[in-house]
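Comments concern the structure below.
The values are calculated or read from the model by the stated rules, or taken from the named source; none is laboratory data. This one's a predicted model, so the numbers in the text were calculated from it and none came from an experiment. Here the Cβ is made from the backbone with ideal geometry for all residues, glycine too, and neighbour counts use every protein chain on show.
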Amino acid sequence: MPLTLVRSGSANPSGGAGSPITTLNRFPLISEQLNERGVPVESMDGETQEALENRLGTQLMALYRDTRSERSFEALYAVSETSVLRWIRRLLSRGNAHLDPVEMLQDTFVNVFRYPKSFRDDHVGSYRVWVRTIAGNIVRRARGRSQLHPVQALPEGAGEIADSCATPESNAQVGEQVRGLQGAWVLFLLHYSEAWKELRPRDQQALVLVEVEGRSYVEAGEILNVGRSNMKMIIFRARKRVAAAMQKSMRGTPVVASKSELAG
């Protein structure tokens, strides 16, 4: 299913035409599904608009995770995109005017759309924390990319020797790049996690024995009751399946291993 995100045009996130309840009224089927789950879609006693949005966002995300319904994702986006965009603009408020917050918003929700399985609804504010973490990683990666090749001024003197000592600015740039790499590593692990889930239990156990516990092929084969040659082939095929699935996912295609790939 192609994913197209369009600004819903929420006017006022604190109430009125842009309130979470008014927005959710555009999705009567989703409201009905939430009611069936025992989730009240009206404001509860003493509940602020922010708390209401956090609660509904968490429940909508759980509904999308469990059903993969396109309509539930659209409702989630409509309810939360204004507050997520506000958070992104806050992150970009310090010297990042060249980055487009709307583009960061789109990238954030693309990740929400692709990786709902990683969401855990542990408390009413789970979605708020989760989506802000994703948005923060998106912003850090964008900063890192923009700073890989900074424009440097020419020295004033023809024979002037450049100062090799690190400056506070260069240290800050290095720090941002490190954080960008950390964010990219988190995304890489998400891709790996999705690919891992498609492996058969025996292949998962084989990789744990060899790559995590550091056992030899002979030791791992004894545990799985296969010979050394068969063990090497199991590991080889498991690694190939993980690599193929991750390549698909990183190109923008959801990771879905075919039955023939799993059968090996």
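Only one of Val79, Val39 is assigned by TED's automatic domain parsing to the domain that holds Arg120 and buried (at least 18 other Cβ atoms within 10 Å of the Cβ); which?
Val79
Conditions tested, residue by residue: (1) at pLDDT 65 or above; (2) acidic (Asp, Glu); (3) outside the structural domain of Val79 (by TED's automatic domain parsing).
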| position | (1), (2), (3) |
| --- | --- |
| Asn96 | yes, no, no |
| Ser126 | yes, no, no |
| Ala158 | no, no, yes |
| Gly183 | no, no, no |
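Got at least one residue in segment 92-110 being part of a loop (DSSP other than H, G, I, E, B), hydroxyl-bearing (Ser, Thr, Tyr) and without any contact (Cβ under 8 Å) to a residue 60 or more places away in the chain? Break it down into steps so the answer makes sense when it comes.
Kept after step one, since they are part of a loop (DSSP other than H, G, I, E, B), are these residues of segment 92-110: 92-100.
Right, trim to hydroxyl-bearing (Ser, Thr, Tyr) and you get 93.
If we keep only those that are without any contact (Cβ under 8 Å) to a residue 60 or more places away in the chain too, we end up with 93.
Taking every residue of segment 92-110 in turn, at least one turns out to be part of a loop (DSSP other than H, G, I, E, B), hydroxyl-bearing (Ser, Thr, Tyr) and without any contact (Cβ under 8 Å) to a residue 60 or more places away in the chain.
Pairs under 8 Å by beta carbon, first residue outside any helix (DSSP H, G or I) in segment 126-154, partner of a type in the set (S, T, N, Q) and at pLDDT below 90, six or more apart or different chains?
Gln147/Gln173; Gln147/Gln177; Leu148/Gln177; Pro150/Gln173
Filter segment 23-54 for residues that are aliphatic (A, V, I, L, M) and part of a helix (DSSP H, G or I); which is farthest from Val124 (Cα to Cα)?
Pass one, segment 23-54, residues aliphatic (A, V, I, L, M): 24, 29-30, 34, 39, 41, 44, 51-52.
Those still in the list that are part of a helix (DSSP H, G or I) too: 24, 29-30, 34, 51-52.
Details: Leu24: 17, Leu29: 22, Ile30: 18, Leu34: 14, Ala51: 8, Leu52: 9 Å.
Per the criteria, the residue is Leu29.
Can you name the number of the only condition in (1) of a type outside the set (A, V, I, L, M); (2) under 29 Å from Ser193 (Cα atoms); (3) at pLDDT below 90; (4) surrounded by fewer than 14 Cβ atoms within 10 Å (Cβ to Cβ) that Glu70 fails?
Looking at each condition in turn, Glu70 falls short on (3).
Pick out the one residue from Val79, Val84 that is touching a Gly at 6+ places or on another chain (Cβ under 8 Å) and part of a helix (DSSP H, G or I).
Numbers: Val84 fails: touching a Gly at 6+ places or on another chain (Cβ under 8 Å).
Matching residue, one of Val79, Val84: Val79.
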